[in-house]
1. Could you figure out which of (1) surrounded by 18 or more Cβ atoms within 10 Å (Cβ to Cβ); (2) in contact with a helix residue (DSSP H, G or I) (Cβ under 8 Å, 6 or more places away or on another chain) isn't true of residue 209?
2. Given the conditions (1) touching a strand residue (DSSP E or B) at 6+ places or on another chain (Cβ under 7 Å); (2) on the phi < 0 side of the Ramachandran plot, report the number of the one that residue 97 does not fulfil.
3. If you check residue 39 against the conditions, is it among the small types (Gly, Ala, Ser), touching a Phe, Trp or Tyr at 6+ places or on another chain (Cβ under 7 Å) and at pLDDT 90 or above?
4. Against the conditions (1) part of a loop (DSSP other than H, G, I, E, B); (2) over 25 Å from the mean Cα position of the chain (by Cα); (3) more than 17 Å from residue 206 (Cα to Cα), where does residue 306 fall short? Just the number, please.
5. Restricting the first residue to the stretch 276-294 and requiring it to be among the hydroxyl-bearing types (Ser, Thr, Tyr), which pairs with a second residue that is part of a loop (DSSP other than H, G, I, E, B) meet a Cβ separation below 8 Å and a spacing of at least six or different chains?
6. Looking at residue 254, is it assigned to a strand (DSSP E or B) and loosely packed, with under 14 Cβ neighbours inside 10 Å?
7. May I ask you to list pairs of residues, at least six apart or on different chains, whose Cβ atoms are under 9 Å apart, with the first in the stretch 124-139 being in contact (Cβ under 8 Å) with a residue 24 or more places away in the chain and the second being among the β-branched types (Val, Ile, Thr) and in a helix (DSSP H, G or I)?
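The values are calculated or read from the model by the stated rules, or taken from the named source; none is laboratory data. Everything quoted here is computed from the prediction, not taken from an experiment. Counting neighbours? That spans all protein chains shown, and the Cβs are built from the backbone with ideal geometry, glycine included.
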Amino acid sequence: MSLCSGNAFRRKFSWSYRLLSTYVTKMRYLSELKEDDDACKNAQQTGAFYLFHNLSPLLQKSEHKYLVPQHSLVELERLLGKLGQDTQRIEESVLIGCSEQHEAWFALDLGLRNSSLSASLLKPEMETELRGSFTDLRKALFQLSTRDASLLTTAQALLRWHDTHQFCSKTGHPTKKNMAGSKRVCPSSKIIYYPQMAPVVITLVTDGPRCLLARQSSFPKGMYSALAGFCDIGESVEQTIRREVAEEVGLELDSLQYSASQHWPFPNSSLMIACHAAVRPGQTEICVNLSELEAAAWFSHEEVAAALQRDQQQGRGLPFWLPPKIAIAHHLIKEWVERTC
């Protein structure tokens, strides 16, 4: 075998192997459903549906956590029929993922006031029928499994976006959702609109042995977290971090390091970009911008390490406590504690 043919063989084998990868085939399947309305509609026949009412997911309480019930297409059609609703409402659902076996997952909001097909369904009637309750996602988020939390935050973000983007910003004409809910199209101008997230930086500022934590008045009592702020038009992530730190606590930064990112659905779907930042040597005096923050302070490694050992409930009544594990701020703080041990 020549070198050329050998390279060609390796390229072909590598391509075939990647096609057999569970992750690759799953992503390609989801991509197909987003682009092919017929394929997406067929996937609904064997798929599972998560139900919402005015952006609150249907949950079932089990001890100290929430369970998220799934419904088949047949069950959903039966429910809609029992409540006097047109089964055509199912076309309002959005694709939110699929299993490793390619069972497609969808989310449908049965109570949004802007539904084009019917008035809101009666919430108590639905909860009785479904043996669950439509629960505010922000309150339930920390009692969900990681998988369910990811699915429901994705679903809520998509459902909210479709509810608030029903008209073309250029022509004013109603836009039309594709079957998967991955875009909306204006029939008049042919402009395609895609769901968007607002980029937000969240930064843990340190001076070596200490980290800076702050709180907003909207935070639960006693909770402190890393600094955060929205990116402005024209800014890079680095520029946003430097500006936010200067605006909120009056400090200049010496260095930045990216850590991780996370989708956050509140209040209107953000991409949280988490970074570590070090202040310039000798510049640690905080000047809190009270229009942005309620308080900010330096905390020692020992103080923060102890706070990480307490969960959200145990932290109440103590000097301060940290965001729960599902929040990227928690992981950013934990990363610093472990790094500086």
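1. It is condition (1) that residue 209 fails.
2. The single condition residue 97 does not satisfy is (2).
3. Numbers: among the small types (Gly, Ala, Ser): yes; touching a Phe, Trp or Tyr at 6+ places or on another chain (Cβ under 7 Å): no; at pLDDT 90 or above: yes.
So residue 39 does not fit the description; no.
4. (1)
5. Between residues of the stretch 276-294 that are among the hydroxyl-bearing types (Ser, Thr, Tyr) and residues that are part of a loop (DSSP other than H, G, I, E, B), the close pairs are 284/207; 284/251.
6. Numbers: assigned to a strand (DSSP E or B): yes; loosely packed, with under 14 Cβ neighbours inside 10 Å: yes.
So residue 254 passes the test.
7. What qualifies is 137/153.
The rows are residues; the columns are (1) part of a loop (DSSP other than H, G, I, E, B); (2) at pLDDT 95 or above; (3) touching a Lys or Arg at 6+ places or on another chain (Cβ under 6 Å).
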{"position": "243", "(1), (2), (3)": "no, yes, no"}
{"position": "278", "(1), (2), (3)": "no, yes, no"}
{"position": "289", "(1), (2), (3)": "yes, yes, no"}
{"position": "319", "(1), (2), (3)": "yes, no, no"}
{"position": "334", "(1), (2), (3)": "no, yes, no"}
